[in-house]
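Participant: Would you mind keeping the following structure in view while I ask a few things?
The values are calculated or read from the model by the stated rules, or taken from the named source; none is laboratory data. None of these values were measured; they are calculated from a predicted model. Cβ coordinates were reconstructed from backbone atoms using ideal geometry, including for glycine residues, and neighbour counts include every protein chain displayed.
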Amino acid sequence: MDKSITFKNVLSRYVNYRGIDIVLYLKDGRVVELDKNRKMDGDSVIKNSRDGSIDKIALSDIKKAEFFAA
């Protein structure tokens, strides 16, 4: 199975679990911690911040992800 499809499937599963903290490492060097208010939208992760801002992160921009039990 293609690694990008496998990554998308794993990330989609964990995005829906609210008890999992997710940290994304992007190819441009940024590190993004996803709040509990997050969702998948096609090939992107939608991050809703507490201040009301919405960020859309393309899966192709993600270098790796770490998952932590909260």
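Participant: Would you be able to tell me the number of residues in region 38-59 that are free of Cβ contacts under 8 Å to residues at least 12 places away in the same chain and in a loop (DSSP other than H, G, I, E, B)?
Facilitator: Result for region 38-59: 4.
Residues are listed down the side, and each one gets a yes or a no for (1) modelled with pLDDT of 90 or more; (2) among the polar types (S, T, N, Q):
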residue	(1), (2)
6	no, yes
17	no, no
21	yes, no
40	yes, no
49	no, yes
59	yes, no
63	yes, no
67	yes, no
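Participant: Starting from residues that are more than 10 Å from the chain's Cα centre (by Cα) and within 15 Å of residue 22 (Cα to Cα), keep the ones in region 56-70 and report whichever is surrounded by the most Cβ atoms within 10 Å (Cβ to Cβ).
Facilitator: 63
Participant: Taking into account only those residues within region 1-21 that are out of contact with any helix residue (DSSP H, G or I) (no Cβ under 6 Å at 6 or more places or on another chain) and of a type in the set (A, V, I, L, M), which is surrounded by the fewest Cβ atoms within 10 Å (Cβ to Cβ)?
Facilitator: 1
Participant: Next up: Residue by residue through region 28-40, note down the ones that are loosely packed, with under 11 Cβ neighbours inside 10 Å and at negative phi.
Facilitator: Start the filter on region 28-40 by keeping residues that are loosely packed, with under 11 Cβ neighbours inside 10 Å, which leaves 28-29, 31.
28, 31 - these are the residues of region 28-40 that are loosely packed, with under 11 Cβ neighbours inside 10 Å and at negative phi.
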